[in-house]
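Participant: First, the structure itself, so that you have it in front of you.
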Amino acid sequence: QVQLVESGGGLVQAGGSLRLSCAASGSIFSINDMSWYRQAPGKQRELVGIVTSAGFTNYADSVKGRFTISRDNGKSTLYLQMNSLKPEDTAVYYCKISLRTTPALRVSDYWGQGTQVTVSS
């Protein structure tokens, strides 16, 4: 069993900052890519950023220069530092971690429960 627990969401004024965390626990052999998605009301879920096992990162154009994704492999934790927040960043943010629970099994995706981020104007 693998559990992902997200934290750090909340209400912030435009221009403010928040830091999201996503901690994985349970039967984990190895972790591959780790990523953040978000879903605003009435919209499809979209990729915000991804960090590979080698440490390479990529971001959606809408958050480049404002958001920073990082990972702590020793703690099996993913982070998203969000600065200069805008009202259009309002959404439920989900983490996704691709991992193996044993060496023999293929990589599977696990999702966090989601955390609400609301940016007021």
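Participant: Does segment 55-65 hold any residues that are farther than 23 Å from residue 99 by Cβ and open to solvent by 50 Å² or more (accessible area, probe 1.4 Å), and which are they?
Facilitator: Within segment 55-65, 61, 62, 64, 65 qualify.
For every residue, the table says whether it meets (1) within 11 Å of the chain's Cα centre (by Cα); (2) not aliphatic (A, V, I, L, M).
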| residue | (1), (2) |
| --- | --- |
| 45 | no, yes |
| 50 | yes, no |
| 56 | no, yes |
| 63 | no, no |
| 78 | yes, no |
| 89 | no, yes |
| 106 | no, yes |
| 120 | no, yes |
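Participant: Moving to a separate point now. Let me spell it out: the conditions are (1) in a loop (DSSP other than H, G, I, E, B); (2) touching a Phe, Trp or Tyr at 6+ places or on another chain (Cβ under 7 Å), and residue 70 meets all of them except one. Which number is the exception?
Facilitator: (1)
Participant: Further, regarding this structure: Kindly indicate whether residue 68 is under 12 Å from the mean Cα position of the chain (by Cα), over 16 Å from residue 9 (Cβ atoms), open to solvent by 50 Å² or more (accessible area, probe 1.4 Å) and among the polar types (S, T, N, Q).
Facilitator: Yes.
Participant: Looking at the structure I just gave you, is residue 53 in contact with a Pro (Cβ under 8 Å, 6 or more places away or on another chain) and among the hydroxyl-bearing types (Ser, Thr, Tyr)?
Facilitator: For residue 53, the condition - in contact with a Pro (Cβ under 8 Å, 6 or more places away or on another chain) and among the hydroxyl-bearing types (Ser, Thr, Tyr) - is not met.
Participant: Taking the stated definitions as given, is residue 98 surrounded by 15 or more Cβ atoms within 10 Å (Cβ to Cβ), farther than 17 Å from residue 9 by Cα and in contact (Cβ under 8 Å) with a residue 60 or more places away in the chain?
Facilitator: Yes.
Participant: Run residue 110 past the list (1) in a strand (DSSP E or B); (2) closer than 20 Å to residue 17 by Cα and report the number of the one that doesn't hold.
Facilitator: That leaves (2) as the condition not met.
Participant: Can you name every residue in segment 19-54 that is open to solvent by less than 70 Å² (accessible area, probe 1.4 Å) and over 22 Å from residue 91 (Cβ atoms)?
Facilitator: Correct list: 25, 26, 27, 28, 30, 31, 32, 52.
The values are calculated or read from the model by the stated rules, or taken from the named source; none is laboratory data. Quantities reported herein were computed from a predicted structural model and do not represent experimental measurements. Here the Cβ is made from the backbone with ideal geometry for all residues, glycine too, and neighbour counts use every protein chain on show. When the accessible area is computed, the model is the full protein with side chains, heavy atoms only, and any ligands, DNA or RNA have been set aside. Shrake-Rupley method; radii C 1.70, N 1.55, O 1.52, S 1.80 Å.
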